[in-house]
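> Have a look at the structure that comes next, please.
Where a number appears in this text, it was derived from the coordinates with a stated rule and is not lab data. Note that the structure is predicted; figures quoted are calculated from it, not measured.
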Amino acid sequence: MFLSFLSFKNPKPDLSKLGSETYTRKMKASLFHNRICKVCTLVAATLILPSLAYAQNNQGNGPGINPSVPNGTYSLTENGWVPATNPGQVPVVDGQVPFAGAGRITYIPTGTINGQVTGKTSGVLTASINGQIFPITVKGFFTVNPDGSVSGIEKQTGGPNALLHFTGYPTPDGNTITFVLTDPGSIACGIDTR
């Protein structure tokens, strides 16, 4: 169908008479123009739309906001091993139990202290700690360090009700933060993505 505008009246034309008006049909200029416009539109869409899929997500970045400073809501996932703290938890390895969690956390920059950006965090997640499921809310604070890393402290409500310490490393655009739990006896890491 690609060359359908070159259709013949006779499905099997006699090529010796091909130049004759009887066997060929001339295309009207308006029909040809319409088809060229459709082809150009299709080519333009094919070239432009994929590049839009890779456009940068600047959610939360406005005038005067450094993109490498956490700002906005991120989905998170984390996993690792933590000390067994709840009654009834049976340590699996050296007093630790496995855990995994997924949720959402919001970073809100609130100012600077000694030239370092500081802010608040809050979020919700669901955690599986040694196979037990816990809904958990967190609230805390963060500071952007001179090396670009982010130090955070978060207090859990629900689950083990722990006070957690993190060090995170945001990408230059601030859309992804990898982090590690820095509390003694814990082996855990995760990622925040907006």
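> How far, in nm, would the chain grow between Phe141 and Arg104 when pulled straight, counting 0.36 nm per residue and subtracting the alpha carbon separation?
Values: separation 37, 0.36 × 37 = 13.32 nm, distance 1.54 nm.
Taking Phe141 through Arg104 to full extension adds about 11.8 nm, to one decimal.
> Another question, if that's okay. With N set to the number of residues, divide the alpha-carbon radius of gyration of region 72-193 by 2.2 N^0.38 Å and report two decimals. Show your work: numbers first, answer last.
Values: Rg = 14.5 Å, N = 122, 2.2 N^0.38 = 13.7 Å.
Compared with the compact-globule rule of thumb, region 72-193 sits at 1.06.
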